[in-house]
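The values are calculated or read from the model by the stated rules, or taken from the named source; none is laboratory data. Keep in mind the model is a prediction, meaning the values are calculated, not measured. Virtual Cβ from ideal backbone geometry, glycine too; neighbours counted across all protein chains shown. Only protein heavy atoms, including side chains, enter the accessible area calculation; ligands, DNA and RNA are left aside. Shrake-Rupley method; radii C 1.70, N 1.55, O 1.52, S 1.80 Å.
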Amino acid sequence: MAEPTEVTASEVEAYLAATLRVEDGAAAGTRARQHSEGLPDIEVSPLQARLLELLARIAGTRRALEIGTLGGYSTLHLARGVGEGGQVVTLELEPDHAAIARESLDDAGLGERVEIRVGRAVDSLQRLVDEAAHPFDFVFIDADKESNLAYLDFAMRLTGPGALIVVDNVVRAGDVVHAHAESSMTQGSRAVLEAMGADARLESTALQTVGAKGWDGLAIARRVT
Ligand SMILES: C[S@@+](CC[C@H](N)C(=O)[O-])C[C@H]1O[C@@H](n2cnc3c(N)ncnc32)[C@H](O)[C@@H]1O
Ligand SMILES: [Mg+2]
């Protein structure tokens, strides 16, 4: 048997993703399209995407809110997670990203479940509050990390008890432990983690992740009250 040190986390990730068959043609096509269109390689991994889909399904999610669409890879999994008749509202700053996501979601036959709102997420979120939008039961926060705390605040205004809130990229190759980290993205992760821990309405945890995208992690909270 090979020594564990001879195996990389990326190899294990590829093995798990292939063995568990986490990605079908539509998902792989969505990823391929956003890469060929030149979008940055910053979407969740196939294993993480499937985790989002399963979390949504296990929680019985009907309405999911996503902050940060990119090319629609995580969106596609949330759309699957909410099931037939469910809805995903996803917020994206860049019109080009939104257009690519729209194409892939339509190709996957999930377009009707997904509304993409283009613009600064804080503006779109305020609009959802102003519209008194029907509460969401799943929120995935994965846009500009500097705004994580504001996004959590909006998530609390747009959800009710029982909702799930997932915040991506909170470990930042370990930089998250540095109180005086120079990175504003790390500071955004620290701020949201501290707020989650301090909020008695949330029961929270986090998972560290390794693989082709390096060392990172996601925080998961369930809203109790
Ligand atoms: C990490 S990517 C999202 C990846 C996607 N959730 C996935 O895993 O497939 C972050 C996205 O947030 C968008 N974004 C950055 N700042 C934003 C803002 N202020 N408002 C809305 N979207 C923003 C970026 O354009 C980018 O497409
Ligand atoms: Mg992310």
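The chymotrypsin sites (Phe, Trp or Tyr not before Pro) of segment 88-176 include none that meets both criteria, a DSSP state outside H, G, I, E and B (loop) and at most 11 other C-beta atoms within 10 angstrom of the site's C-beta. Among 157, 50, 31, the residue with the largest mean-square fluctuation in a Gaussian network model of the chain, with springs joining Cα atoms closer than 10 Å, is 157. The slack between residue 134 and residue 146, meaning 0.36 nm per residue of separation minus the straight C-alpha distance, is 1.6 nm.
Computed over protein heavy atoms with a 1.4 Å probe, the carbon and sulfur contribution to the accessible area of segment 9-223 reaches 54%.
Here the ratio of the Cα radius of gyration of segment 1-88 to 2.2 N^0.38 Å is 1.22. Distance between the C-alpha centres of segment 126-165 and segment 15-63: 22 Å, rounded to the whole angstrom.
Using C-alpha pairs under 8 Å with a sequence gap of at least 6, the mean separation divided by the residue count of segment 74-200 gives a relative contact order of 19 percent.
Compared with the alpha-carbon gap, the fully stretched path from residue 200 to residue 20 is longer by 61.2 nm at 0.36 nm per residue. Suppose we keep just the DSSP beta bridges with both residues in the chain; what percent of those would be antiparallel, to 5? Antiparallel bridges: around 40 percent, rounded to the nearest 5. The relative contact order of the chain, computed from alpha carbon pairs under 8 Å that lie at least 6 residues apart in sequence, is 17 percent. Approximating the spin labels as points 7 Å out from Cα along Cα→Cβ, the residue 185-to-residue 10 distance works out to 1.8 nm. Taking amide hydrogens as placed 1.01 Å from N in the peptide plane, the amide H of residue 163 sits under 5 Å from those of 223, each at least 5 positions away in sequence or on another chain. Once a ≥ b ≥ c are taken as the square roots of the eigenvalues of the Cα gyration tensor of segment 9-223, is the result rounded (a/c under 1.5), prolate (a/b larger than b/c) or oblate (a/b not larger than b/c)? Since a/c stays below 1.5, the shape of segment 9-223 is classed as rounded.
For the chain, set up a GNM with springs between Cα atoms under 10 Å and report which of 22, 166, 88 has the largest fluctuation. Taking springs between Cα atoms under 10 Å, the residue moving most is 22.
Fully extending the segment from residue 37 to residue 207 would add 58.1 nm, taking 0.36 nm per residue of separation and subtracting the current Cα-Cα distance.
Rounded to the nearest 0.05, what FRET efficiency do residue 178 and residue 157 give with R0 = 35 Å and r taken as the Cβ-Cβ distance? Could you check?
Values: r = 30 Å, r/R0 = 0.86.
Efficiency computed from Cβ-Cβ geometry: 0.70.
Rolling a 1.4 angstrom probe over the protein heavy atoms with all chains in place gives the chain an accessible area of 48 Å² per residue.
Which of these, 12, 192, 118, has the largest mean-square fluctuation under a Gaussian network model of the chain (Cα springs below 10 Å)? Largest GNM mean-square fluctuation: 12.
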